[in-house]
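First up is the structure itself, then whatever we jot down about it.
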Amino acid sequence: MATRIRPSSKRCAVIGGSGFLGRHLVEKLLEKGYTVTVFDIRQSYELPGVAFHVGDLCDKQALLTALQDVSLVFHCASPAPASDDRALFQKVNVDGTRIVIQACQERGVQKLVLTSSASVVFEGTDIKDGKEELPYAKKPIDYYTETKIQQEKLVLEACDKDKGFLTVAIRPHGIFGPQDPQLVPILVDTARRGKMKFIIGDGSNLVDFTFVENVVHGHILAAEHLKPDSPLCGKAYHITNDEPVRFWDFMSQVLVGLGYDAPRYHLPYQLVYGIALLLWLVALLLRPLVRIKPTFTPMRVALAGTHHYYSCARAKEDMGYRPPVSLKEGITRTVESYPHLRKGV
Ligand SMILES: NC(=O)C1=CN([C@@H]2O[C@H](COP(=O)(O)OP(=O)(O)OC[C@H]3O[C@@H](n4cnc5c(N)ncnc54)[C@H](OP(=O)(O)O)[C@@H]3O)[C@@H](O)[C@H]2O)C=CC1
Ligand SMILES: CC(C)CCC[C@@H](C)[C@H]1CC[C@H]2C3=C(CC[C@]12C)[C@@]1(C)CCC(=O)C[C@@H]1CC3
């Protein structure tokens, strides 16, 4: 009987490798001596030593081609939460992830590391030092989160030590850092439109913002600790900066760092949430006629006005995780990376 030669454990693929987190992950993997294939719906950069495969992860044949001789797969592709497209989230995050699992199994991939999200347990009300044991949200805050829950379940349930296919899910929260197309750009855009004057609630709510390099570190540690006899198999792990911060202090530090004023005036949380809900309903009703994208969505108001921070004790215990970059340093490096978003530029 012919013996199957297993590909080197340092041959990996990053699905979603053209995105914000994916690109940082690819750069770190290269630095650590991995051979990297990127599979993404678009190619956003070129790097020596990286093989790009442009394709949709819902296309199994394209994935099978990209995953040839790969032993480790990172899956960090997703439509952007802001797209708010229910059918697309279902197609990519759920049906597409099923296809990713099948393709990995058919190609003899040994390890699959999924980028999930800590929001899979968030229902819009306070979470303080949340552990992984919290149940999945029964009422997820949006379609994106609803499909991230299904995606995580699919990947963790696929873990099969007997078949030599091991899976783990990383749940980051509030990723920020250089090249992020969402957090800082949204914030600056809101400030430039004069809408960053208000603090929703009393401003004391604590949140995790996680520097992108720490999230990358968590992914690589998880991949390297994922073995048949390790506790990681089929489990989810919070990866944070382990420094919960007041949501409005974080926003203010970024804004002030870029030359804008920090928000000052307080608005009652329930009032703003109610208005956001109303606007969302109006936008939904008008959708067949016109597409409106309100700044204050109920999801954003909930994120801005509640506590949501998570314990990463399990990652510390099982894989020796410690965040390498402090929040202060992360904010400084992030602010410096956006010279074009400074006030007056
Ligand atoms: N950013 C954050 O704060 C958090 C992110 N996450 C998770 O981390 C992961 C990475 O997020 P982030 O880097 O911010 O997101 P990005 O949007 O920057 O990266 C995702 C990448 O996946 C690509 N992609 C989308 N659909 C497909 C598809 N059908 N086939 C192949 N590629 C596709 C995107 O292309 P395109 O841009 O063209 O759509 C993009 O290049 C996601 O799974 C997200 O859910 C979890 C918690 C927090
Ligand atoms: C999961 C969180 C820790 C990370 C949140 C990322 C984004 C959802 C946020 C980035 C910029 C934020 C923002 C608001 C809400 C949350 C963000 C979109 C507001 C809309 C909140 C209400 C305001 O006063 C304006 C804010 C603009 C920036």
Residue check: is residue 303 surrounded by fewer than 20 Cβ atoms within 10 Å (Cβ to Cβ), among the aliphatic types (A, V, I, L, M), within 16 Å of ligand 1 (Cβ to nearest atom) and part of a helix (DSSP H, G or I)?
yes
Could you grab me the full set of residues in the stretch 295-328 that are among the charged types (D, E, K, R) and within 20 Å of residue 262 (Cβ to Cβ)?
300, 328
So which pairs qualify, if the first residue must be in the stretch 192-205 and among the polar types (S, T, N, Q), the second must be not in a loop (DSSP other than H, G, I, E, B), the Cβ gap must be under 6 Å, and the two must be at least 6 apart or on different chains?
205/247
Residue 49 vs. criteria away from ligand 1 (no atom under 12 Å from the Cβ) and touching a residue at least 12 places away in the same chain (Cβ under 8 Å):
yes
Tell me yes or no: at least one residue of the stretch 280-292 is surrounded by fewer than 20 Cβ atoms within 10 Å (Cβ to Cβ), within 16 Å of ligand 1 (Cβ to nearest atom), of a type outside the set (Ser, Thr, Tyr) and over 17 Å from residue 195 (Cβ atoms).
no
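Residue-wise test of (1) of a type in the set (A, V, I, L, M); (2) within 11 Å of ligand 2 (Cβ to nearest atom).
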position	(1), (2)
282	yes, no
287	no, no
296	no, yes
301	yes, yes
311	no, no
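Specify which of the listed residues (103, 191, 137) is within 15 Å of ligand 1 (Cβ to nearest atom), over 20 Å from the mean Cα position of the chain (by Cα) and not in a strand (DSSP E or B).
103
Without any contact (Cβ under 8 Å) to a residue 40 or more places away in the chain and surrounded by 14 or more Cβ atoms within 10 Å (Cβ to Cβ): is that true of residue 16 in this structure?
Numbers: without any contact (Cβ under 8 Å) to a residue 40 or more places away in the chain: no; surrounded by 14 or more Cβ atoms within 10 Å (Cβ to Cβ): yes.
No; evaluated as a whole, the condition is false for this residue.
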Condition (residue is at pLDDT below 95, more than 17 Å from residue 324 (Cα to Cα) and out of contact with any Gly (no Cβ under 7 Å at 6 or more places or on another chain)) applied to the stretch 207-226: is it met by at least one residue?
no
Is it the case that the stretch 171-180 has a residue that's crowded, with 17+ Cβ neighbours inside 10 Å, more than 16 Å from ligand 2 (Cβ to nearest atom) and at pLDDT 95 or above?
no
Which numbered condition in (1) within 13 Å of ligand 1 (Cβ to nearest atom); (2) in contact (Cβ under 8 Å) with a residue 60 or more places away in the chain; (3) within 20 Å of residue 111 (Cβ to Cβ); (4) not hydrophobic (A, V, I, L, M, F, W, C) is the only one that residue 23 fails?
(3)
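The values are calculated or read from the model by the stated rules, or taken from the named source; none is laboratory data. Note that the coordinates shown come from a computational prediction; the quantities given were computed from them, not determined experimentally. Note that each Cβ is placed from the backbone with ideal geometry, even for glycine, and that neighbours are counted across all protein chains shown.
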